[in-house]
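The values are calculated or read from the model by the stated rules, or taken from the named source; none is laboratory data. On a predicted model such as this, the values are computed, not experimentally measured, just so you know. Cβ: placed from backbone, ideal geometry, glycine included. Neighbour counts: every protein chain shown. Side chains are part of the model used for accessible areas, which takes the heavy atoms of the whole protein and leaves out ligands, DNA and RNA. Shrake-Rupley method; radii C 1.70, N 1.55, O 1.52, S 1.80 Å.
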Amino acid sequence: MRQWLQEKQPDVLLYIFNDHVTSFFFDHYSAFSLGIGETFPVADEGAGARDLPALQGDPALARHIGTALMAEEFDMSFFQDKPLDHGCFSPLSIMWSHAAEWPGRVIPLQVGVLQFPIPTAARCYKLGKALRRAIESYPEDTKVAIVATGGLSHQVHGERAGFNNPEWDQQFLELFEKDPETLTRMTHADYARLGGWEGAEVIMWLVMRGAMPAQVRKLHQSYYLPSMTGIAVAIYEGEMVNATDQHTSEYLAFCNHQLAGAENLPGTHPFTLERSVKAYRLNKFLHSLIDPQNRARFKADEETSFAAAGLSDENARWCATATGWG
């Protein structure tokens, strides 16, 4: 995998994973969450953050993908600045060479697969198809690789803890390559019966498979059952079909249809994903003032509060005006 990535040198990894209630807790749990921010740090999962560099995002491509998915009626949530846990960094640290920084950008797509109801296998597959349309319509010359994670057969809770089914793991890998439609017709209970309850998270693989053509070439596959979880690594390639300029133009018009004409409304400034990323640091600071201690620190020394939040002089001036309203 590392050799393949070194050869292909993608600009961006679209990285599909599930958080383990580290940053995406049960106080607000979403089905599909797309990272649109500039950076994503390493989460502290209880023993200190791993010694790995933070991920650099691609806000422009991410907001294009997010806009397209919403236009295709996937009700996405969007996040910035959240630390990412081992669901992202454990595979990534092994497969992508890194030292002081990662060799490319990462757009994380977090799938909520721990609190039921969760997305169906069919929905994940359809999301992958929409992802492909979004990526192919992006007007910039950007090379994207799609990575999907999720342990194969395993169960980590209840009297069935420790369950594995290597035979099903091999069958899953065969169907995934040659007949993914069969996997889309399976229920969560089917996946749990064959691969253990937590093993049902392999539906995340179907997001990646949906983004690929019906016929793919499998370049590599390995399987290992070290202890609790069946682990596979596989590399697939599919023939790319370049969209025509007309097709791309039509798709972009479809994606932007809902806001078409809004730019002509005087005195109106829609809070778009682009504006959200640009104003994130300022809005994060203002939101922090709902905390009484932060309010007290701000009232005692505004300039120190601005500096601690990393606000620019322009942001600080605007913030001083805005907070004066209250």
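I need the helices (runs of 4 or more DSSP H) fully contained in the stretch 108-191, keeping only those with at least 1 residues that are more than 27 Å from ARG63 (Cα to Cα) and among the hydroxyl-bearing types (Ser, Thr, Tyr).
In the stretch 108-191, 180-184 are the helices (runs of 4 or more DSSP H) which contain 1 or more residues that are more than 27 Å from ARG63 (Cα to Cα) and among the hydroxyl-bearing types (Ser, Thr, Tyr).
Give the residue, chosen from GLU73, GLU101, GLU38, that is in contact (Cβ under 8 Å) with a residue 12 or more places away in the chain and either closer than 25 Å to PRO270 by Cβ or in contact with a His (Cβ under 9 Å, 6 or more places away or on another chain) (or both).
GLU38
What pairs come up if the first residue lies in the stretch 240-254 and is at pLDDT below 85, the second is polar (S, T, N, Q), and their beta carbons are under 7 Å apart, counting only those six or more places apart or on different chains?
Within 7 Å, the pairs are ALA243/SER137.
Table: residues versus (1) assigned to a helix (DSSP H, G or I); (2) within 14 Å of the chain's Cα centre (by Cα); (3) among the small types (Gly, Ala, Ser); (4) more than 24 Å from LEU131 (Cβ to Cβ).
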{"site": "GLY37", "(1), (2), (3), (4)": "no, yes, yes, no"}
{"site": "ASP51", "(1), (2), (3), (4)": "no, no, no, yes"}
{"site": "HIS64", "(1), (2), (3), (4)": "yes, yes, no, no"}
{"site": "ALA100", "(1), (2), (3), (4)": "no, no, yes, yes"}
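How about the stretch 184-193: which of its residues are farther than 20 Å from THR229 by Cα and either open to solvent by less than 50 Å² (accessible area, probe 1.4 Å) or of a type in the set (Lys, Arg) (or both)? It would help to see each step written out before you state the result.
Just the residues of the stretch 184-193 that are farther than 20 Å from THR229 by Cα, to begin with: 184-187.
Matches in the stretch 184-193: THR184, ARG185, MET186.
Scan the stretch 84-101 for residues that are open to solvent by 50 Å² or more (accessible area, probe 1.4 Å) and either β-branched (Val, Ile, Thr) or modelled with pLDDT of 95 or more (or both) and report the count. Spell out how you get there, then give the answer.
First pass over the stretch 84-101, keeping only residues open to solvent by 50 Å² or more (accessible area, probe 1.4 Å): 86, 94, 98-101.
Going one step further and asking which of them are either β-branched (Val, Ile, Thr) or modelled with pLDDT of 95 or more (or both), we end up with 86, 94.
Total satisfying the criteria: 2.
Checking the conditions here, which among ALA43, ALA60 is buried (at least 20 other Cβ atoms within 10 Å of the Cβ), at pLDDT 95 or above and of a type in the set (Gly, Ala, Ser)? Spell out how you get there, then give the answer.
Details: ALA60 fails: buried (at least 20 other Cβ atoms within 10 Å of the Cβ).
So the residue among ALA43, ALA60 that is buried (at least 20 other Cβ atoms within 10 Å of the Cβ), at pLDDT 95 or above and of a type in the set (Gly, Ala, Ser) is ALA43.
Just to verify a result, which residue in the stretch 206-258, among those that are of a type in the set (D, E, K, R) and assigned to a helix (DSSP H, G or I), is surrounded by the fewest Cβ atoms within 10 Å (Cβ to Cβ)?
ASP245
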